[in-house]
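Visitor: Quick one: this structure, given as structure tokens, is what I'll be asking you about.
The values are calculated or read from the model by the stated rules, or taken from the named source; none is laboratory data. As the structure is a prediction and not an experimental result, all values here were calculated from the model. For neighbour counting, all protein chains shown are included, and Cβ atoms are generated from backbone atoms with ideal geometry for every residue, glycine included. SASA here: full protein model, heavy atoms, side chains in, ligands and nucleic acids out. Shrake-Rupley method; radii C 1.70, N 1.55, O 1.52, S 1.80 Å.
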Amino acid sequence: MESKFESTIREIPYSQEAVYNRLSDLALSEEVRDQLPEDKREDIIFSSDSITMNVPPVGDIAIAICDREPHKTIKYETVTSPLPFNLWVQLVPLSPSSCKMKLTIKADLNPFIKGMISKPLQAGLEKLADAIAAGKYE
């Protein structure tokens with residue numbers, strides 16, 4: 001059964017193009033490593049199209065960009081994960097120097113699993129949206 005989770009819409013004080021360019025090249029996320037706890041820094045690998053991380057007790061999770069629609073949408077999918085899902089980042093211009101962003105996750109979840117992970121997944125999606133909205137895109 002397909003389940004859909006959406007973040008609330010965030011306003012980002014950077015142009016749609018600047019935000020898209022940054023989010024569509026995952027290698028640029030390498031600087032995030034410094035914000036991670038020291039014991040987690042070795043467990044994450046960035047490339048231009050994917051991120052691989054070790055998440056105890058789950059194990060390795062790999063996420064890759066599967067589609068880009070310049071300046072509007074970036075779609076990610078799991079390559080390795082105990083719970084396959086897709087993540088979309090949607091960007092809409094507000095002005096030449098700002099845009100709106102919304103995140104969407106779609107996953108096939110049975111009712112039991114959905115009941116267990118809906119609240120933590122929604123909370124995690126909102127935290128990710130906060131982090132993206134607070135990013136520097138210069």
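Visitor: On the protein heavy atoms, probe 1.4 angstrom, tell me the percent of accessible surface of the chain carried by carbon and sulfur.
Guide: Of the solvent-accessible surface of the chain, carbon and sulfur hold 55 percent.
Visitor: Rounded to whole Å and sorted largest first, list the principal axis extents of the Cα atoms in segment 52-127.
Guide: Result, largest extent first: 43, 24, 20 Å.
Visitor: Can you give me the relative contact order of the chain as a percent, contacts being Cα pairs under 8 Å and 6 or more apart?
Guide: So the answer I get is 33 percent.
Visitor: Debye sum, Cα scatterers, the chain, no solvent: what log₁₀ I/I(0) at q = 0.10, 0.14, 0.16, 0.18 1/Å?
Guide: The calculated log intensity ratios at q = 0.10, 0.14, 0.16, 0.18 Å⁻¹ are -0.34, -0.68, -0.89, -1.12.
Visitor: Could you tell me which residue out of PHE46, VAL19, SER7 lies farthest along the dipole of the chain toward its positive end? Charges go on the beta carbon: Lys and Arg +1, Asp and Glu -1, centred on the Cα centre.
Guide: SER7
Visitor: Okay, moving on. Pop a pseudo-label 7 angstrom from the Cα along the beta-carbon direction at both MET1 and GLU17 and give the gap in nm to one decimal.
Guide: 4.5
Visitor: A 20 angstrom limit on the alpha carbon distance is what I want to check against. Which of LYS75/LYS114; LYS75/LYS106; LYS4/LYS127; LYS100/LYS136; LYS4/LYS119 exceed it?
Guide: Long pairs (Cα-Cα over 20 Å): LYS75/LYS114.
Visitor: Another question, then. With N residues in segment 87-138, what two-decimal value do you get for its Cα radius of gyration over 2.2 N^0.38 Å?
Guide: 1.43
Visitor: Leaving out ligands and nucleic acids, note down the accessible area per residue over the chain with a 1.4 angstrom probe, in whole Å².
Guide: 60
Visitor: For ASP67 and ASN54, compute 0.36 nm times the residue count separating them, minus their Cα-Cα distance, and round to one decimal in nm.
Guide: Working it through step by step, the gained length comes to 2.3 nm.
Visitor: Still on this structure, please answer the following. Using 11 Å as the cut-off for backbone N distance, which residues of segment 1-29 belong to the label zone defined by a point 7 Å from the Cα of SER118 along Cα→Cβ?
Guide: 4
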